[in-house]
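Let me begin by presenting the structure, written as structure tokens, before commenting on it.
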Amino acid sequence: MSLDQNPVVLITGGSSGIGKSIGVFLASKGYTVYGTSRTPERYTNFESFELLQLDVADVDSINAAVANIEKKHGKLNVLINNAGAGIMGPIEEVPEKEILKNFTTNYFGPINVTKAVLPIMRKQKSGLIINITSIAGYMGLPYRGIYSASKAALEITTEAWRMELKAFNIEMTNVAPGDFATNIAAGRYHAPVLEGSPYEKIYDKTLKLIDEHVDAGSDPLEMAKVVYKVIKTKKPKVRYKVGAFMQKFSIVLKRILPSKMYEKLLMNHYEL
């Protein structure tokens, strides 16, 4: 998209992982970058870019952070809805409060941050919103069904919302990463492996398998470079997928294979 001089970027969840990588990369390209954290005071030695206090589950903190940026710069050119949370467990055993909490972070959070920045973007007659979704949102993954659902919901909402925003010269797109080597596994909720549960053995094995996938994931710098490319694109596509070839190809396979055959491939992959 076409940006004015010294573009201002807001990245939710910018203190670590993919968000931090994107922020560092954009700052190196001359962008004014603001990341967010629920507890920025914990990052006393963080010098890559400015961290603002923002909790995507708290609308007041969202509005305060966005107002702070507008007061300083009078504009906000790019919003990157990156803050997210992992969740794992047999759907039958995941507490409802944890499901609601995950959707608050992964779905309602990005919606509320976007609502806060839209009046600024409409006033300046331009803007770009990038929603970080997930390749997991294109398919229902065993023991990650809630996570897949929250990311799928954001993906579909983006499809609708981007059409509503075109009249205001505001672009919206999805960038869906596969597995990246970040600390998401340490921060996600996972239902405990319950002794005597009918899922006990297979869920325990799947947990270890998924952690191995994340540990062997790609460098988050790859995501940063794609996001930068999207920002520089005049008319961004509806979606971008970033990750290992087989992760991206799995989406193609879902489109062309009979449903039961694709399900069998997934079950073999997860050794179910």
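The values are calculated or read from the model by the stated rules, or taken from the named source; none is laboratory data. Bear in mind the structure is a predicted one, so any value in this text is a computation, not a measurement. We place every Cβ from the backbone using ideal geometry, glycine too, and count neighbours over all the protein chains shown. Accessible surface areas use protein heavy atoms only, side chains included; no ligands, DNA or RNA. Shrake-Rupley method; radii C 1.70, N 1.55, O 1.52, S 1.80 Å.
Please get the size of the charge dipole for the chain, origin at its Cα centre, with Cβ charges of +1 on Lys and Arg and -1 on Asp and Glu, quoted in debye to the nearest 20.
On the way: 34 positive and 27 negative charges, 290 e Å.
Approximately 1400 debye in magnitude.
Which order do peptides 71-84, 35-48, 118-131 fall in by mean Cβ count within 10 Å, highest first? Walk me through the intermediate numbers first.
Values: 71-84: 21.6, 35-48: 14.6, 118-131: 19.1.
Put in order of decreasing packing, that is 71-84, 118-131, 35-48.
Carbon and sulfur together cover what percent of the accessible area of the chain at a 1.4 Å probe radius? Before the final figure, lay out the partial values.
Details: 7260 of 13380 Å².
Whole-percent figure for carbon plus sulfur exposure: 54.
Please compute the volume of the convex hull spanned by the alpha-carbon atoms of segment 62-155 and report it per residue in Å³. Before the final figure, lay out each step's value.
Working: hull volume 7.9 nm³, N = 94.
Taking only Cα atoms, segment 62-155 has a hull volume of 84 Å³ per residue.
Could you order Phe49, Phe108 so the one with the most accessible surface comes first? Probe is 1.4 Å.
Phe108, Phe49
Please compute the Cα-Cα pair-distance distribution of segment 58-105 with 10 Å bins starting at 0, giving whole percents from short to long.
Over segment 58-105, the share of Cα pairs per 10 Å bin runs 19, 37, 22, 16, 5 percent.
So what's segment 1-116 giving for Rg/Rh, alpha carbon basis, Kirkwood Rh from the mean inverse pair distance?
1.01
Please state the Cα pair-distance histogram of segment 205-260 with 10 angstrom bins from zero: what percent is in each bin?
P(r) for segment 205-260, in whole percents per bin: 18, 35, 35, 11, 1.
Using the per-residue mean of other Cβ atoms lying within 10 Å as a proxy for protection, in what order, highest first, do the peptides 163-171, 147-155 fall?
Working: 163-171: 14.6, 147-155: 21.3.
Per-residue mean Cβ counts within 10 Å order the peptides as 147-155, 163-171.
Before rounding to the nearest 500, sum -39500 (n - 2.57) across all DSSP H runs of length at least 4 in the chain and divide by the residue total; then give [θ] at 222 nm in deg cm²/dmol.
Calculated from helices alone, the mean residue ellipticity at 222 nm is -14500 deg cm²/dmol.
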